[in-house]
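Everything below concerns the one structure shown next.
The values are calculated or read from the model by the stated rules, or taken from the named source; none is laboratory data. No experiment lies behind these values; they were computed from the predicted model shown. Cβ sites come from the backbone with ideal geometry, for glycine too, and all protein chains shown count toward neighbours. Heavy atoms of the whole protein, side chains included, go into the accessibility calculation; ligands, DNA and RNA do not. Shrake-Rupley method; radii C 1.70, N 1.55, O 1.52, S 1.80 Å.
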Amino acid sequence: MQPNKNLKQQGLLDIEHFKVHGRTTGSRSPLTLFWTGSAVEFNARGSELWIEFEVDYEVYEPWIGIVINGTKVSRQMLVAGRYWVCVFRGMNPDAVKNVRIVKELQAMSGDPGCMLQIHAVKFDGEFLPVEDKPYKLEFIGDSITSGEGTVGGKAEEDWIPMWFSALDNYTAMTADALNAEYRVISQSGWGVLTGWDNNPNCNLPDHYEQVCGLLAGPKNEALGAFQAHDFDAWQPDVVVINLGTNDGGAFQSPEWRDAVTGETRKQRLLEDGTYHEEDLKSFEQAVSGFLAKLRTYNKQAHLVWAYGMLGIPMLPAIYRGVDAYVRETGDKRVSVFQLPNMTEETVGSRSHPGVEAHHKAAKELSGYLQEILRQV
């Protein structure tokens, strides 16, 4: 390959103009991308751009997507190591390219070694300011919000990073439709009260105050994942909560047992197949409690509980939990939105919603949020 002698290496700290998307720490040397949809964005005037990554994992390798001028142009696995990846080359040196390098994989709570960092760039041009968008959206959810199932065919059932996508995802699609910045906090199998397997530790609310508190291990502690998140630095106009699917699944799953303490947990069904009233009430209280926590940290945001792409068994309980919160607090900036269910035609891999299901959800959700944002 003929080398480009005009490439100049710069650490992120040396670059004046770029934008970081997604919750992370204040460190830019290097920058750690924790959550799905996390990204760096540049307005780059030049012909060739390279990014230096540092990657590690024990089981689950990170993936990235590259978006240029609003279009996804590539997607790739990143193997372990520290190395350079070419983002583009041979492009018009005088044209400004909007470039986003996006983490396609969720934060992996089951792999304490999984890490994705950006150290530096090599570029033969100049970086220009990246303008703020008019709105900010935060999405909180489970495997649906992590984009599990949006890649691969219906027959694929392996639980591997390849089948996840932050870009072929209703979160990115909704944000694009509304010309909004967005952040995602999501984890497959987790809920608002309990995980799909009745594990009470697998709930998002307990970790909401931290940068990425659902991770584990000394490496993530050193990276700052357990630090208190700076909410003042980025306040959303809307928070979309898509939780409840795994809480509903817990009623159908065996009891969970703590291997250390012997403690058990089970969301119970009655003999007629209906939900045990006491356990359903616990779920409703978890809904109300999470809304209260969200309001504490997001003073002005409209809170939208969106649910339904994999059925709606918990929808009545979600309504009751939301109504209880509204009655107790008088907070009127809260609503429930039913997402369209996937169909046989829109199912993706791992029996999860495929890309077309996410397109339909994004179309309906963005229309709903547009009316809310008009009041911002």
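Output the residues belonging to segment 319-376 that are at positive phi and in contact (Cβ under 8 Å) with a residue 40 or more places away in the chain.
350, 351
Suppose we filter 315, 373, 310 for residues that are open to solvent by 30 Å² or more (accessible area, probe 1.4 Å) and at pLDDT 95 or above; which single one remains?
The conditions single out 310.
Which count do you get for residues in segment 238-274 that are surrounded by 11 or more Cβ atoms within 10 Å (Cβ to Cβ), over 22 Å from residue 365 (Cα atoms) and aliphatic (A, V, I, L, M)?
Result for segment 238-274: 2.
Would you say residue 128 is among the aliphatic types (A, V, I, L, M), under 19 Å from residue 13 (Cβ atoms) and open to solvent by 10 Å² or more (accessible area, probe 1.4 Å)?
Yes, satisfied.
Among the residues of segment 263-294, which ones are in a helix (DSSP H, G or I), of a type outside the set (Ser, Thr, Tyr) and touching a Leu at 6+ places or on another chain (Cβ under 7 Å)?
283, 286, 291, 294
When segment 179-192 is examined, which residues are found to be assigned to a loop (DSSP other than H, G, I, E, B) and over 14 Å from the mean Cα position of the chain (by Cα)?
If the condition is that a residue be assigned to a loop (DSSP other than H, G, I, E, B) and over 14 Å from the mean Cα position of the chain (by Cα), then 179, 192 are the ones that fit.
With a cut-off of at least 3 residues that are closer than 25 Å to residue 214 by Cα and either open to solvent by less than 50 Å² (accessible area, probe 1.4 Å) or hydrophobic (A, V, I, L, M, F, W, C) (or both), name the strands (runs of 3 or more DSSP E) lying wholly within segment 1-85.
19-21, 63-68
For segment 318-332, state whether one or more residues are assigned to a strand (DSSP E or B) and more than 17 Å from residue 192 (Cα to Cα).
So far as segment 318-332 goes, no, none of its residues is assigned to a strand (DSSP E or B) and more than 17 Å from residue 192 (Cα to Cα).
Out of contact with any Cys (no Cβ under 9 Å at 6 or more places or on another chain), surrounded by 20 or more Cβ atoms within 10 Å (Cβ to Cβ) and of a type in the set (Ser, Thr, Tyr), is that true of residue 297?
For residue 297, the condition - out of contact with any Cys (no Cβ under 9 Å at 6 or more places or on another chain), surrounded by 20 or more Cβ atoms within 10 Å (Cβ to Cβ) and of a type in the set (Ser, Thr, Tyr) - is not met.
Please verify whether segment 210-231 includes one or more residues that are in a loop (DSSP other than H, G, I, E, B), open to solvent by 80 Å² or more (accessible area, probe 1.4 Å) and farther than 15 Å from residue 183 by Cα.
Yes, segment 210-231 contains at least one residue that is in a loop (DSSP other than H, G, I, E, B), open to solvent by 80 Å² or more (accessible area, probe 1.4 Å) and farther than 15 Å from residue 183 by Cα.
Could you say whether any residue in segment 143-166 is open to solvent by 10 Å² or more (accessible area, probe 1.4 Å), within 21 Å of residue 78 (Cβ to Cβ) and acidic (Asp, Glu)?
Yes; the residues of segment 143-166 include at least one that is open to solvent by 10 Å² or more (accessible area, probe 1.4 Å), within 21 Å of residue 78 (Cβ to Cβ) and acidic (Asp, Glu).
Any residue at all in segment 92-101 that's part of a strand (DSSP E or B) and within 27 Å of residue 188 (Cβ to Cβ)?
Scanning segment 92-101 turns up at least one residue that is part of a strand (DSSP E or B) and within 27 Å of residue 188 (Cβ to Cβ).
Can you list residue pairs whose Cβ atoms sit under 9 Å apart, with the first residue in segment 28-56 being under 14 Å from residue 82 (Cβ atoms) and the second being among the aromatic types (Phe, Trp, Tyr) and open to solvent by 20 Å² or more (accessible area, probe 1.4 Å)? Count only pairs 6 or more apart in sequence or on different chains.
That search, which allows pairs on different chains as well, returns 50/84; 51/84; 52/83; 52/84; 53/83; 53/84; 54/83; 55/83.
Kindly check whether there is at least one residue in segment 151-169 that is among the small types (Gly, Ala, Ser) and on the phi > 0 side of the Ramachandran plot.
Yes: one or more hits.
If you go through segment 11-34 one residue at a time, do you hit one that is touching a Pro at 6+ places or on another chain (Cβ under 7 Å), within 22 Å of residue 185 (Cα to Cα) and not basic (Lys, Arg)?
no
With respect to residue 176, is the statement that it is within 14 Å of the chain's Cα centre (by Cα) and open to solvent by 10 Å² or more (accessible area, probe 1.4 Å) true?
no
In the set 344, 364, which member is more than 20 Å from the chain's Cα centre (by Cα), more than 16 Å from residue 143 (Cα to Cα) and open to solvent by 30 Å² or more (accessible area, probe 1.4 Å)?
344
Looking at segment 172-229 only, could you name the residues that are among the acidic types (Asp, Glu) and either in contact with a Ser or Thr (Cβ under 7 Å, 6 or more places away or on another chain) or at pLDDT below 95 (or both)?
197
Out of 124, 142, 56, I need the residue that is on the phi < 0 side of the Ramachandran plot and touching a helix residue (DSSP H, G or I) at 6+ places or on another chain (Cβ under 6 Å). Which one?
After ruling out the rest, the residue left standing is 142.
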